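Structure first, commentary second.
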Amino acid sequence: MATFGNGLPLPIFWEPFLPSHPWSISVTEDASFLLSSARVRRSYQDDRAFKRVTLACALFVAILFLGIIWSLLDGAWPAIRAFGVSFLFTETWNPVTERFGALGAIYGTVLTSALAMLISVPIGIGIAIFLVELCPRVLRRPIGIAVELLAGIPSIIYGIWGFFVLAPLLQQYVMPFLIAAFANVPILSSLFAGPPYGIGIFTASLILAIMILPFVAAITRDVFEAVPAVLKEAAYGLGATVWEVQWNVVLPYARSGVVGGVMLALGRALGETMAVTFVVGNSHRISTSLLAPGTTISATIANEFTEAVGPLYTASLIELGQILFLVTFLVLAAAQFMLYRLERRAGGRT
């Protein structure tokens, strides 16, 4: 039996904390040993509690995700039952006859987002390269702050500016020039045809490009700044130019971060509502001309949800939201898969 230093036996409930072989310890050693054992046990309990809390947070996100899917399916079920798969491939949107199709809204959403990315990604990467490599130190911080402040402007401000300032300028100067310049070019003549309304797919794409430009530029700049200086210095030491260093060293090293920033901007473009609603034209028609009015999924929901009369009309709008949710999810999944492939390819090279 273990005893204290004065010969008194230890209590029975202390024995599990002691080594298996018989021994005698002093009161001071007993106390320190028990305190350390209690501390270890308390730390273990805290770790288990922390694990349960984090697991609950992860399950909450998963349950919330499934709940959103279920609520959208439940709300859109009348439209799914009435139109089926044809809802995705029908251009007609007529609340009077209750004939609804999502093709026009899907077309406008994909086209405006693609054009916005085509405009903003090269400019954003160029801004990032300038801020990291070429910008004078005294101007680097003010320009960087200005770029980041663009991301904080509310979307409705972009919409108002686009409707009252950008659209008239495009209608008076840019669109007539594009129509006249490409009138005799086989493919471009159909892309830039029709009267210069000022509002339409092209204007909405420009607004979206301006809105997502800060995301691309800021994230790309941060990723470029994380590139080890020794890699760039080695390339410069071999006689490479700034362009060669950026193209052959910086971009390959930071491509995962750049792709992540681009996909984040694309997610913002797909779901943008108010700014696009002001300038897209809100027409459920598919036109080959980029200057023609169109619509997007989010703009359709924002314009018509409060005026929806009847369960089928409301269900059709909810199904549009379900399609937008699915498109955004697929884009993010594709981004994750692309990042995985890039990292795996980079690991294979090393």
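The values are calculated or read from the model by the stated rules, or taken from the named source; none is laboratory data. The structure presented is a predicted model; accordingly, all values stated were derived computationally and were not measured. Ideal geometry is used to build each Cβ from the backbone, glycine not excepted, and the neighbour counts take in all protein chains shown. Remember, those area values only see protein heavy atoms, side chains included, never the ligands or the DNA or RNA. Shrake-Rupley method; radii C 1.70, N 1.55, O 1.52, S 1.80 Å.
Pairs under 6 Å by beta carbon, first residue within 17 Å of residue 131 (Cβ to Cβ) and open to solvent by 40 Å² or more (accessible area, probe 1.4 Å) in the range 240-261, partner among the hydroxyl-bearing types (Ser, Thr, Tyr) and in a helix (DSSP H, G or I), six or more apart or different chains? From the range 240-261, no pairs qualify.
Taken over the range 318-340, the criterion of being in contact (Cβ under 8 Å) with a residue 12 or more places away in the chain and under 15 Å from residue 88 (Cβ atoms) is satisfied by 318, 319, 320, 321, 322, 323, 324, 325, 327. Of the residues contained in the range 143-158, none is found to be assigned to a helix (DSSP H, G or I), touching a residue at least 60 places away in the same chain (Cβ under 8 Å) and touching a Gly at 6+ places or on another chain (Cβ under 8 Å).
For residue 113, the conditions (1) farther than 30 Å from residue 220 by Cβ; (2) in contact (Cβ under 8 Å) with a residue 60 or more places away in the chain are fulfilled apart from (1).
Can you tell which of 306, 328 is open to solvent by 30 Å² or more (accessible area, probe 1.4 Å), out of contact with any helix residue (DSSP H, G or I) (no Cβ under 6 Å at 6 or more places or on another chain) and closer than 26 Å to residue 101 by Cβ?
On the way: 328 fails: out of contact with any helix residue (DSSP H, G or I) (no Cβ under 6 Å at 6 or more places or on another chain).
That would be 306, the only listed residue that is open to solvent by 30 Å² or more (accessible area, probe 1.4 Å), out of contact with any helix residue (DSSP H, G or I) (no Cβ under 6 Å at 6 or more places or on another chain) and closer than 26 Å to residue 101 by Cβ.
Residues that are small (Gly, Ala, Ser) number at least 2 in the following helices (runs of 4 or more DSSP H) confined to the range 273-350: 297-304, 311-349.
Select, from 307, 272, 343, the only residue that is over 25 Å from the mean Cα position of the chain (by Cα), charged (D, E, K, R) and modelled with pLDDT under 90. Give the derivation first.
Values: 272 fails: over 25 Å from the mean Cα position of the chain (by Cα); 343 fails: over 25 Å from the mean Cα position of the chain (by Cα).
307 is the lone residue from the list that is over 25 Å from the mean Cα position of the chain (by Cα), charged (D, E, K, R) and modelled with pLDDT under 90.
Scanning the range 56-68 for residues that are aliphatic (A, V, I, L, M) and either open to solvent by 100 Å² or more (accessible area, probe 1.4 Å) or in contact (Cβ under 8 Å) with a residue 60 or more places away in the chain (or both) yields 63, 66, 68. Number of residues in the range 214-229 that are farther than 11 Å from residue 261 by Cβ and open to solvent by 40 Å² or more (accessible area, probe 1.4 Å) equals 4. Note on the range 99-121: residues that are more than 15 Å from residue 267 (Cα to Cα), open to solvent by 10 Å² or more (accessible area, probe 1.4 Å) and more than 18 Å from the chain's Cα centre (by Cα) amount to 3. Within the range 83-98, being open to solvent by 60 Å² or more (accessible area, probe 1.4 Å) and among the hydrophobic types (A, V, I, L, M, F, W, C) holds for 85, 88, 89, 96.
Kindly check whether there is at least one residue in the range 255-272 that is farther than 30 Å from residue 304 by Cβ and assigned to a loop (DSSP other than H, G, I, E, B). There is no residue in the range 255-272 that is farther than 30 Å from residue 304 by Cβ and assigned to a loop (DSSP other than H, G, I, E, B). With respect to the conditions (1) in contact (Cβ under 8 Å) with a residue 60 or more places away in the chain; (2) part of a loop (DSSP other than H, G, I, E, B); (3) open to solvent by less than 60 Å² (accessible area, probe 1.4 Å), residue 179 lacks only one, and its number is (2). Cβ-Cβ distances below 7 Å connect the following pairs, each with a first residue in the range 292-306 that is closer than 13 Å to residue 327 by Cβ, a second residue that is modelled with pLDDT under 90, and a separation of six or more residues or different chains: 298/271; 298/272; 298/273.
Checking each residue in the range 63-91 for being β-branched (Val, Ile, Thr) and within 16 Å of residue 312 (Cβ to Cβ) picks out 80, 90. Residue 63 meets each of the listed conditions (1) modelled with pLDDT under 90; (2) part of a helix (DSSP H, G or I) apart from (1). The numbered conditions (1) under 21 Å from the mean Cα position of the chain (by Cα); (2) modelled with pLDDT of 90 or more; (3) not basic (Lys, Arg) are all true for residue 316 except (1). So which pairs qualify, if the first residue must be in the range 69-85 and more than 17 Å from residue 325 (Cβ to Cβ), the second must be of a type in the set (Phe, Trp, Tyr) and modelled with pLDDT of 90 or more, the Cβ gap must be under 7 Å, and the two must be at least 6 apart or on different chains? Between residues of the range 69-85 that are more than 17 Å from residue 325 (Cβ to Cβ) and residues that are of a type in the set (Phe, Trp, Tyr) and modelled with pLDDT of 90 or more, the close pairs are 83/100. For the range 184-203, the count of residues that are open to solvent by less than 60 Å² (accessible area, probe 1.4 Å), among the aliphatic types (A, V, I, L, M), modelled with pLDDT under 95 and over 17 Å from residue 115 (Cβ atoms) is at least one. Could you tell me whether any residue of the range 206-213 is open to solvent by 50 Å² or more (accessible area, probe 1.4 Å) and either modelled with pLDDT of 90 or more or part of a helix (DSSP H, G or I) (or both)? Looking for residues that are open to solvent by 50 Å² or more (accessible area, probe 1.4 Å) and either modelled with pLDDT of 90 or more or part of a helix (DSSP H, G or I) (or both), one finds at least one in the range 206-213, hence yes.
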